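Here the structure is laid out as structure tokens; the discussion comes afterwards.
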Amino acid sequence: MSSTVTTESPEHRALRATVAALGRRHGPDHDRDRLWAEAGALGLLGIALPEEYGGGGAGLSELALVLEELGAAGCPLLMMVVSPAICGTVIARFGTPEQRRTWLPGLADGSLTMAFGITEPDAGSNSHRITTTARRDGDDWVLTGRKIFVTGVDIADATLIVGRTTATATAATATTDTAATTRTGHRLKPCLFVVPRDAEGFSRTRVDMVIDAPEHQFELVLDEVRLPGSALVGDEDAGLLQLFAGLNPERVMTAAFAIGMGRYALGRAVEYARQRQVWDTPIGAHQAIAHPLARSHVELELARLMTAKAARLYDDGDDTGAGEAANMAKYAAAEACADAVDRAVHTLGGNGLTRAYGLAPLLTASRVARIAPVSREMILNYISHQSLGLPKSY
Ligand SMILES: Cc1cc2nc3c(=O)[nH]c(=O)nc-3n(C[C@H](O)[C@H](O)[C@H](O)COP(=O)(O)OP(=O)(O)OC[C@H]3O[C@@H](n4cnc5c(N)ncnc54)[C@H](O)[C@@H]3O)c2cc1C
């Protein structure tokens, strides 16, 4: 399914048409579970996973396209960002053959779902500060810590949890105490663990978010959660590399999510502005209404181009290039989305704030891509330091 970034291949256009038709059938009032199952059955969730494990063998470019088109139809599947994109990628690239056999076919057809938990209440944007620890006990791992804002834990069969391993049994004792860890200066390695939804000691509390979405966020407590040795994904010593493998797809998919939502809002506003007439011409003829919408179209198209570039770099195996591009794409898409929703709501006047027209809830939903998985300020920090070589303030 190759295409350049600036022109879409016939295969990509056909894929867009298929997904758009699916999205139209389900629409904004969709039943999430039914749409998820249908997208899985059509091979859309697993499109980027390896063929030998039931996937489509395509890439992130195609997976992002699927999410964008569903979003443009008003029915984005947020768990696509997490389950096939982050978790599927990490397991496909670093999982044992057994983990791949156990998880990938189900993640591909949608019969299994996996959430992803890295954020912690006291670490937030600073993931170097996470304190969830994994200590060896014989062949087992024992996880202790807290996570926050983790999406979809209730509907996921398991959550891929980022913890820090302790190198030795002696160090393990120290790491249950963060202060002790800091005092000794002991370096703990980030590692990924598959934690089943019903594991003993693994509890969740829903966070009361003001977001109108079928997926919910949870605070998690891991209280001495005992897992078999096989719960560790990948190499104990390669932590960051494995983690980063999932983070570029996460940013590209968040960009696709935002572009889809922005396109949906813009489409609704354009439709309204063509019809609504309170003077002699439809309101869309007034440039004060038309130009902001035109600007959003330009901004969404630009974000789309950057997203396609990031996905393409990732699919070509250029993880470093993809890192910068994925951050830029996420930033551009989040800004374009939030602005498009704001302008769309304004275009509808009073109707913009009614439940019937369905745009007002997007005012909060569109903020999500500005905050998660990494805030716009942290992206600007990254670009300042990595791309421009400016000094750090923190
Ligand atoms: C809807 C939703 C779904 C989510 N889903 C998941 C999930 O599935 N899994 C998961 O692990 N996490 C998830 N998150 C968490 C998300 O990744 C975090 O909210 C995000 O990383 C920001 O962390 P924080 O909320 O702790 O903000 P903080 O880190 O407390 O930041 C607060 C503000 O300070 C700014 N700030 C912080 N440090 C700096 C700095 N050095 N320079 C400039 N500004 C700075 C930030 O940009 C931000 O504006 C989700 C969040 C939301 C809202």
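For this structure, a couple of remarks:
Rundown of residues vs (1) at pLDDT 95 or above; (2) within 16 Å of the ligand (Cβ to nearest atom); (3) assigned to a helix (DSSP H, G or I); (4) surrounded by 15 or more Cβ atoms within 10 Å (Cβ to Cβ), yes/no style:
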{"residue": "P292", "(1), (2), (3), (4)": "yes, no, yes, yes"}
{"residue": "L313", "(1), (2), (3), (4)": "yes, no, yes, yes"}
{"residue": "A329", "(1), (2), (3), (4)": "yes, no, yes, yes"}
{"residue": "D342", "(1), (2), (3), (4)": "yes, no, yes, yes"}
{"residue": "Y357", "(1), (2), (3), (4)": "yes, no, no, yes"}
{"residue": "T364", "(1), (2), (3), (4)": "yes, yes, yes, no"}
{"residue": "S384", "(1), (2), (3), (4)": "yes, yes, yes, no"}
{"residue": "Y394", "(1), (2), (3), (4)": "no, yes, no, no"}
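- Residue within the range 349-368 that is in contact (Cβ under 8 Å) with a residue 40 or more places away in the chain and touching a Ser or Thr at 6+ places or on another chain (Cβ under 8 Å) present: no
- Looking across the range 106-128, the residues that are part of a strand (DSSP E or B) and within 7 Å of the ligand (Cβ to nearest atom) come down to A115, F116, G117.
- Of the residues making up the range 240-255, those that are out of contact with any helix residue (DSSP H, G or I) (no Cβ under 7 Å at 6 or more places or on another chain) and over 11 Å from V90 (Cα atoms) number 1.
- Pick from the range 232-241, criterion closer than 16 Å to I118 by Cα and modelled with pLDDT of 80 or more, ranking: nearest to the chain's Cα centre (by Cα): V233
- Taken together, S83, S125 contain a single residue that is within 16 Å of the chain's Cα centre (by Cα) and surrounded by fewer than 17 Cβ atoms within 10 Å (Cβ to Cβ), which is S125.
- Looking across the range 30-43, not a single residue is buried (at least 24 other Cβ atoms within 10 Å of the Cβ) and either of a type in the set (D, E) or farther than 21 Å from I259 by Cβ (or both).
- Residues satisfying the stated conditions in the range 199-231, i.e. more than 16 Å from the ligand (Cβ to nearest atom), more than 18 Å from T89 (Cα to Cα) and under 23 Å from the mean Cα position of the chain (by Cα): S203
- Some residue of the range 44-57 being modelled with pLDDT of 95 or more, crowded, with 24+ Cβ neighbours inside 10 Å and not in a loop (DSSP other than H, G, I, E, B): no
- Exactly one residue out of S61, S83 is closer than 24 Å to A322 by Cβ, assigned to a helix (DSSP H, G or I), more than 16 Å from the ligand (Cβ to nearest atom) and at pLDDT 95 or above: that is S61.
- Residues of the range 129-153 satisfying the condition of being in a strand (DSSP E or B), surrounded by 21 or more Cβ atoms within 10 Å (Cβ to Cβ), within 11 Å of the ligand (Cβ to nearest atom) and aliphatic (A, V, I, L, M): V150
The values are calculated or read from the model by the stated rules, or taken from the named source; none is laboratory data. Remember, it's a predicted structure, so these values are computed and weren't measured experimentally. A quick note on method: Cβ atoms are made from the backbone with ideal geometry, for glycine too, and the neighbour counts reach across all protein chains shown.
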